[in-house]
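Below: one structure, written as structure tokens.
The values are calculated or read from the model by the stated rules, or taken from the named source; none is laboratory data. Predicted model, so just to flag it, every value in this text is computed and none were measured. Cβ: placed from backbone, ideal geometry, glycine included. Neighbour counts: every protein chain shown. Protein only, heavy atoms only, side chains kept; ligands, DNA and RNA dropped before computing areas. Shrake-Rupley method; radii C 1.70, N 1.55, O 1.52, S 1.80 Å.
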Amino acid sequence: MSVRYHNFGGVIGWNLQKLFPSLSAGSYLKLQFITRRKLQKEYIEYFMSSDEPPYPLVVNLETINRCNSNCAFCTANKYAEKRPYCRMDDGLFYRIIDQLAEWGYKGHLTLYGNNEPWLDTRIVEFHKYCREKLPECFIFMSTNGLILDVDKVKSIIPYVDQLIINNYCEDMKLHENVKEIYDYARSHKKEFKDVELLIQMRYAKAVLTNRAGSAPNKVNTKKVINETCLMPYTDIFIFPTGKMGICCCDNYEVTNLADLNQVHIKDAWNSLEYQKIRKAIRTSRADYGFCKYCDFIDAGLRMDAVDDTLRHRDAHHGARQNLFRKARAKK
């Protein structure tokens, strides 16, 4: 596919994040809320009016609840993490993937949540199993790259469609090991013909969203957010314990929408707790306690998936209408 390098806004964007963090974050979020409002509303109404819940667009499965980075905006950084260490049981992992296959799931899948996936020594084996059981899924991995090398990259790319390396730093330079990976990939493009390698330059001290009001560098317990949110309609977020939370903003596992140790993932997707939150935030986060102070908004993946889903829905509807018209014309 491709080997890409991305720097959000280049030098100007970097300095805006560094010198004017609150202004930069606030302006970005305001723009995103405005530009995505119409499409978000359309998808939520499509979801809520369906006879049964449409498939999730993204399944996030966290196999280990630890990270080795110190990103200032993240509740899971190695200094802020409060959860007891947990590593998903092998049997539970394989059972969840088998259930996704039984369900006919073909959306996005990532074995990542608020963690560094390479801290789990089983990560390549797990991805291999996912590819075998879910051949039509778009499988992607997101990593901070701190313990990544060329050999690890070569071991994982047969099983993923996209490998994202977030190069978190304060000097706008690639880490030595990440640069080595980037240079290798650019000089061995045939090895990456079936996968996209995306290396992103990220400012480690950026102020981003407040992650349900709890981000270490952007705490919010007062300002209510009146926008709605796509996550309960698009994402399944699975903790290493097998419990399902609302999204990545629930790093401390406050919410519990279902327990995959007890129920099939298809049934969990339509649990009473899921139904409750979907009704509550249909038009605003203000009516759901966990979400009311949260200003999280997806960086792009979910909006792209939503747009694609609605386009396919409209194309399918159009095809059915054409068949109906042709049938009538023959009478």
| query | Within segment 44-71, can you find the residues that are crowded, with 18+ Cβ neighbours inside 10 Å and over 19 Å from Tyr112 (Cα atoms)? | reply | Ile44, Phe47
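Conditions tested, residue by residue: (1) within 21 Å of the chain's Cα centre (by Cα); (2) of a type outside the set (Lys, Arg); (3) assigned to a strand (DSSP E or B).
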{"residue": "Ser24", "(1), (2), (3)": "no, yes, no"}
{"residue": "Leu31", "(1), (2), (3)": "yes, yes, no"}
{"residue": "Met48", "(1), (2), (3)": "no, yes, no"}
{"residue": "Glu52", "(1), (2), (3)": "no, yes, no"}
{"residue": "Cys67", "(1), (2), (3)": "yes, yes, no"}
{"residue": "Arg83", "(1), (2), (3)": "yes, no, no"}
{"residue": "Gly91", "(1), (2), (3)": "no, yes, no"}
| query | Would a scan of segment 6-22 turn up a residue that is in contact with a strand residue (DSSP E or B) (Cβ under 8 Å, 6 or more places away or on another chain), open to solvent by 10 Å² or more (accessible area, probe 1.4 Å), modelled with pLDDT under 95 and in a loop (DSSP other than H, G, I, E, B)? | reply | yes
| Regarding Cys74, is this residue in a loop (DSSP other than H, G, I, E, B) and either more than 30 Å from Pro216 (Cα to Cα) or out of contact with any helix residue (DSSP H, G or I) (no Cβ under 8 Å at 6 or more places or on another chain) (or both)? | yes
| Every residue from segment 218-247 that is buried (at least 21 other Cβ atoms within 10 Å of the Cβ) and closer than 24 Å to Lys205 by Cα | Ile225, Cys247
| message | Would you confirm whether or not segment 103-111 contains a residue that is closer than 24 Å to Tyr55 by Cβ, touching a residue at least 60 places away in the same chain (Cβ under 8 Å) and assigned to a loop (DSSP other than H, G, I, E, B)? | response | yes
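Within segment 241-254, how many residues are under 16 Å from the mean Cα position of the chain (by Cα) and assigned to a loop (DSSP other than H, G, I, E, B)?
Count: 6.
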| query | Of all residues in segment 99-129 being closer than 19 Å to Ile64 by Cα and open to solvent by 30 Å² or more (accessible area, probe 1.4 Å), which is nearest to the chain's Cα centre (by Cα)? | reply | Tyr112
| query | Quick one: is Arg313 in a helix (DSSP H, G or I), under 26 Å from Lys106 (Cβ atoms) and modelled with pLDDT of 95 or more? | reply | no
| query | Within segment 290-297, can one find any residue that is farther than 20 Å from Arg37 by Cβ and either in a loop (DSSP other than H, G, I, E, B) or small (Gly, Ala, Ser) (or both)? | reply | yes
| query | Looking at this structure, is Asp171 within 15 Å of Ser2 (Cβ to Cβ) and assigned to a loop (DSSP other than H, G, I, E, B)? | reply | no
